[in-house]
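The values are calculated or read from the model by the stated rules, or taken from the named source; none is laboratory data. From a predicted model like this one, the values you see are computed outputs, not experimental measurements. So basically every Cβ, Gly included, is an ideal-geometry build from the backbone, and we count neighbours across all protein chains shown.
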Amino acid sequence: MILAANQPYFAPFPGFFAKAALADVLVILDTVQFPRGTTWVSRNRFKGPQGPLWVTVPVWKKGLGLQRIRDVRICHEGPWAAKLLETFRHAYQNAPWFREHMAVWEQVLEARFERLADLDLALIRHLMDVLGLETRLVLLSGLGIEATGHDLLVEICRRLGADTFLAQEGARGFLQPDPFLEAGLELRFFRPPSPVYPQLWGDFAGNLSAFDLAWCCGPKSGEILVKSTPPIR
């Protein structure tokens, strides 16, 4: 069984879902430390008339010190959600599948999730449905594992009965193979794809949120993702 793991990114890019597609189980690392500074957990790129644009979910950080991702709360002060929806309407109202996916954004934001991880998971699950992925999602918070670093990844594999851990190619430089080999695990890598597809607003921009793919390509999005994903090494 192939297992992969990732932080719960906000409206992730296609490479996140390519990793899920290549794995049998994707563990969402919701109990690891929320990164300081900018992070994909609370922001991502979309595309507007002037090119790529950043969308960020405001969260409470001041005075809270280090937080686990699952403990990070959304700051609902101010009209950020209304502004986000207006940004999407301006950028994607001419996309072929605008209404279908805009309705999801409206529902998710209307729910006013208290925690960022819950918002991220709602969007991740929607995009997995759109892309036709049946990979099992498991929350790290439900496994009761307190290890860190390589020990954490190895223990996750043991707990869920995996024999292979899958990581992106960029992790090859800091993932040490010995802990995995000693545990009888195979460590394999893949290169996240950057699928090319018809987009709005001029020249193609890669590695945007997978919602850009979904808005522009609808039911063909999953096929486009699969065809662009290179094999595991």
Take the range 67-107 and flag every residue that is among the basic types (Lys, Arg) and under 30 Å from Val32 (Cβ atoms).
Arg68, Arg70, Arg73, Lys83
Which residue pairs have Cβ atoms closer than 7 Å, lie 6 or more positions apart in sequence or on different chains, and pair a first residue in the range 111-139 that is free of Cβ contacts under 8 Å to residues at least 40 places away in the same chain with a second residue that is in a loop (DSSP other than H, G, I, E, B)?
Arg112/His76
Consider the range 159-183. How many of its residues are touching a residue at least 12 places away in the same chain (Cβ under 8 Å), out of contact with any helix residue (DSSP H, G or I) (no Cβ under 7 Å at 6 or more places or on another chain) and over 27 Å from Thr229 (Cα atoms)?
1
With (1) modelled with pLDDT under 95; (2) in contact with a Ser or Thr (Cβ under 9 Å, 6 or more places away or on another chain) as the list, and Arg188 as the residue in question, which single condition is left unmet?
(1)
Any idea which residue in the range 33-67 is farthest from Leu139 (Cα to Cα), counting only those that are out of contact with any Ser or Thr (no Cβ under 8 Å at 6 or more places or on another chain) and hydrophobic (A, V, I, L, M, F, W, C)?
Trp54
Does Ile28 qualify as being closer than 13 Å to Leu116 by Cβ, buried (at least 16 other Cβ atoms within 10 Å of the Cβ) and touching a Pro at 6+ places or on another chain (Cβ under 6 Å)?
yes
Residue ranges of helices (runs of 4 or more DSSP H) in the range 75-167 with at least 2 members among the hydroxyl-bearing types (Ser, Thr, Tyr)
80-92
When you scan the range 63-73, do you find a residue that is touching a residue at least 40 places away in the same chain (Cβ under 8 Å), in contact with a Cys (Cβ under 9 Å, 6 or more places away or on another chain) and hydrophobic (A, V, I, L, M, F, W, C), even just one?
no
Residue check for Trp40: surrounded by 14 or more Cβ atoms within 10 Å (Cβ to Cβ), in a loop (DSSP other than H, G, I, E, B), at pLDDT 95 or above and not hydroxyl-bearing (Ser, Thr, Tyr)
yes
The one condition Pro193 fails out of (1) surrounded by fewer than 19 Cβ atoms within 10 Å (Cβ to Cβ); (2) at pLDDT below 95 is (1)
